[in-house]
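*Asks:* Take this structure, written in structure tokens, and hold onto it; I'll ask about it next.
The values are calculated or read from the model by the stated rules, or taken from the named source; none is laboratory data. Note that the coordinates shown come from a computational prediction; the quantities given were computed from them, not determined experimentally. Quick reminder, even Gly has a Cβ in these numbers, built from the backbone with ideal geometry, and neighbours come from all protein chains shown. Side chains are part of the model used for accessible areas, which takes the heavy atoms of the whole protein and leaves out ligands, DNA and RNA. Shrake-Rupley method; radii C 1.70, N 1.55, O 1.52, S 1.80 Å.
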Amino acid sequence: MNEAEIFEWLAATGLGQIMRNAGWAWPLFETLHFIGLCTLFGALIVVDLRVIGFGKEHVSISSVMPFIPVALFGFALNLITGIGFFCGYPDNYWPNWAFKLKMALILIGGINALVFELLERRQLCALAPGADAGVQGKMVAGTSLLLWIGVIILGRILPYTGGLG
Amino acid sequence: MHFLLWLKDSAIGTWVRESDYGYAIVLSSHAIGMAIIVGAVLMFDIRILGFARQMSLKWFDQIYTLAWVGFGVNAVSGVLLFCGNPVKFTFSTAFQIKLALILAGGISVWVLGKQIENPENLAPDGAVRRAAKLTAMLSLLFWLGAITAGRLIAYTTSPI
């Protein structure tokens with residue numbers, strides 16, 4: 001299958017048809033996408049800002065870790081609703097530069113999260129309450145916040161950069 | 001009505017509507033501010049409702065400083081967006097509901113802050129009394145409702 005055939009198939013799926021034809025589908029998915037965004041970013045504020053060093057007199061890094069699954073939940077919500085948007089109009093999204101850049105930043109954000117999980121998390125959780133994270137851990141946390149701010153900006157402007165209207 | 005039309009034709013209103021980057025910058029700022037405010041409030045609410053009890057509520061004192069910055073960003077970007085299309089927003093039911101829900105959401109967070117200041121409402125294991133949990137549930141509903149109403153503005157008004 002080439003690109004055009006894949007897009008044609010995606011647009012013909014039940015999800016693609018619902019997104020285009022049911023009046024409620026697009027606003028519902030958008031609302032859920034915004035709620036997922038707030039859930040993801042809110043959880044990252046709680047975790048990443050603490051790793052960077054804020055609030056260290058009040059909370060240990062290990063005590064903020066339960067918010068990582070919350071971030072993943074928000075991400076999952078946005079992945080599902082995002083697939084819905086894409087299946088609705090694949091041909092409109094794919095050539096859009098803001099969409100492509102958004103996907104690239106999400107990919108880098110995912111790799112960054114893996115680095116956090118595999119290389120940083122154990123050491124960070126082992127720190128005494130009130131202790132500061134290492135430079136590398138702080139950089140991973142800061143990168144995470146910046147990447148997702150970039151994702152939000154690109155997501156908000158992409159309707160205006162690719163003729164989606 | 002006269003004032004709304006004057007606002008629409010003012011330099012600010014025209015800039016938001018017609019400049020190349022004005023609308024994109026203002027809209028993106030509004031989305032980031034939303035992520036900060038609603039994100040912080042949602043995490044606060046689920047913590048009150050019993051999630052991640054080991055984490056001290058004091059962390060939210062600092063997070064709320066940031067949330068106020070987010071609120072400032074959204075007050076400014078919101079006023080700018082309003083100036084771009086004052087007539088459309090004023091007469092949009094979804095917009096009116098959104099503002100009411102933000103007001104209710106703000107009050108609920110303020111009440112919740114007062115409730116957890118009272119040590120009687122806090123158990124040693126980090127749990128919180130039921131009255132505060134009820135406020136947290138209301139806060140969740142108000143803020144998620146504000147997002148929903150905000151999204152619906154675009155579907156219940158004509159473009160531009």
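*Asks:* Please go through the residue pairs A:Lys100/A:Lys138; B:Lys58/B:Lys133; B:Lys58/B:Lys114; A:Lys56/A:Lys138 and name each one whose alpha carbons sit more than 24 Å apart in this structure.
*Replies:* A:Lys100/A:Lys138
*Asks:* Across the Cα atoms of region A:45-165, what radius of gyration and what greatest pairwise Cα-Cα distance (Dmax) are found, in Å?
*Replies:* 16.8, 52
*Asks:* Now, a different point. Please calculate the 1.4 Å probe accessible area of B:Tyr23, with all protein chains present, and give it to the nearest 10 Å².
*Replies:* Near enough 80 Å² of accessible area.
*Asks:* Considering only protein heavy atoms, what is the solvent-accessible area of B:Thr156 at a probe of 1.4 Å, reported in Å² to the nearest 10?
*Replies:* Here the accessible area works out near 90 Å².
*Asks:* Using Cα centres only, tell me the gap between region B:6-33 and region A:1-78 in whole Å.
*Replies:* That distance is 27 Å.
*Asks:* Can you compute the FRET efficiency between A:Leu28 and A:Cys125 using 1/(1 + (r/R0)^6), with r the Cβ-Cβ distance and R0 = 51 Å? Round to the nearest 0.05.
*Replies:* 0.85
*Asks:* Set the Förster radius R0 to 56 Å, insert the Cβ-Cβ distance between B:Asp125 and A:Asn2 as r into 1/(1 + (r/R0)^6), and round the FRET efficiency to 0.05.
*Replies:* 0.40
*Asks:* In what order, largest first, do A:His33, B:His2 sit by accessible area if the probe radius is 1.4 Å?
*Replies:* Of A:His33, B:His2, the descending order of accessible area is B:His2, A:His33.
*Asks:* Taking every pair of Cα atoms in region A:50-107, average 1/r, invert it to obtain the Kirkwood radius, and report Rg/Rh to two decimals.
*Replies:* 1.20
*Asks:* Sticking with this one: Using the basic label-point model (7 angstrom from Cα toward the beta carbon), what is the B:Gln62 to B:Phe91 distance in nanometres?
*Replies:* 5.0 nm
*Asks:* Hey, another quick one. Heavy-atom accessible area of B:Ser158 with all protein chains present, probe 1.4 Å, nearest 10 Å²?
*Replies:* 80 Å²
*Asks:* Given bins 5 angstrom wide, list per bin the percent of all Cα-Cα distances in chain B, short to long.
*Replies:* 1, 9, 16, 19, 16, 12, 9, 7, 5, 3, 2, 0
*Asks:* By how many degrees, between 0 and 90 and to the nearest 10, does the Cα long axis of helix B:59-84 differ from the longest principal axis of chain B?
*Replies:* Between the helix axis and the principal axis of chain B, the angle is about 20 degrees.
*Asks:* For the protein assembly as shown, what is the convex hull volume of its Cα atoms per residue in Å³?
*Replies:* Measuring per residue, one finds 146 Å³ for the Cα hull of the protein assembly as shown.
*Asks:* What is the magnitude of the charge dipole of region A:3-160 about its Cα centre, with +1 placed on the Cβ of each Lys and Arg, -1 on the Cβ of each Asp and Glu, and no other charges, expressed in debye to the nearest 20?
*Replies:* For this selection, approximately 340 debye.
*Asks:* Would you list A:Val70, A:Val135 from the most to the least accessible area, probe 1.4 Å?
*Replies:* My answer, sorted largest first, is A:Val135, A:Val70.
*Asks:* Let me ask you something else. Once whole DSSP H runs in chain A are found, which of them have Cα atoms spread over 24 Å or more along the helix axis and a mean Kyte-Doolittle score of at least 1.0?
*Replies:* Sorted by number, the helices that extend far enough and score high enough are A:25-52, A:67-88, A:97-115, A:135-157.
*Asks:* By how many degrees, between 0 and 90 and to the nearest 10, does the Cα long axis of helix B:93-117 differ from the longest principal axis of chain B?
*Replies:* So the helix axis and the longest Cα principal axis differ by about 30 degrees.
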